[in-house]
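The values are calculated or read from the model by the stated rules, or taken from the named source; none is laboratory data. Since this is a predicted model, take the numbers as computed values, not measurements. Cβ sites come from the backbone with ideal geometry, for glycine too, and all protein chains shown count toward neighbours.
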Ligand SMILES: [Zn+2]
């Protein structure tokens, strides 16, 4: 591997693991099948609030792991994604 900045071949490659907490959004099929009636019903029965929402529509979170390969030039210090 060659450094794009200085042309040196003294480049070390590191693996970086990132974790992101991603909120899952409802898809188009959810809106077609459930969303259009569920939202008004949710508002009508607003007096029975968070409990039902928590049981039937819990906020789903998805852990997303990103594996990145980073190269660092030992000569000039430039780092870039491989
Ligand atoms: Zn370099």
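The figures follow:
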| item | result |
| --- | --- |
| Where residue 34 falls short, out of the listed (1) modelled with pLDDT under 85; (2) within 30 Å of residue 77 (Cα to Cα) | (2) |
| Residues of the range 72-82 classified as in a strand (DSSP E or B) and more than 10 Å from the ligand (Cβ to nearest atom), total | 1 |
